[in-house]
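Some notes on the structure that comes next.
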Amino acid sequence: MNNSTCPNCHTAVRPTDYYCFNCGRNLKPAAKSTSTSSQIVLYLKSIILPPLGIWYALPYLRQNSQKAKIIGVVAIVLTFLSLAIAFKLAQDFMTTLNQQVNDAVNLYNF
């Protein structure tokens, strides 16, 4: 059996362990859930908080599971779509605001 050691307390641990049984240190990140409810939460975070969607999607992209990688890619695509829509709405708002201010200034300039 191939044993490795904990980097914190140097106790021998099994390669399949996620935590050191001696000190409790996280040896490798636990696999992210790919359930429907966790996907919905991830996608909502990606849409509502566009820049942070990339941060939430990275652990899914690092997993070996094909399903987890697809979930991560979808979250990143939703993040970029949400970001593009937010920029477009901000640009339209600024254009409208600028036009209204210019119209008001021109009204008083005769």
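Every number in this text was worked out from the coordinates using simple rules, so none of it is lab data. Source: prediction; values computed, not measured. Here Cβ is always computed from backbone atoms with ideal geometry, including for glycine, and neighbour counts include all displayed protein chains.
Got at least one residue in region 56-65 being in a loop (DSSP other than H, G, I, E, B), free of Cβ contacts under 8 Å to residues at least 24 places away in the same chain and hydroxyl-bearing (Ser, Thr, Tyr)? For region 56-65, residues in a loop (DSSP other than H, G, I, E, B), free of Cβ contacts under 8 Å to residues at least 24 places away in the same chain and hydroxyl-bearing (Ser, Thr, Tyr): absent. What about Thr16, is it assigned to a loop (DSSP other than H, G, I, E, B) and loosely packed, with under 10 Cβ neighbours inside 10 Å? The answer is yes for Thr16.
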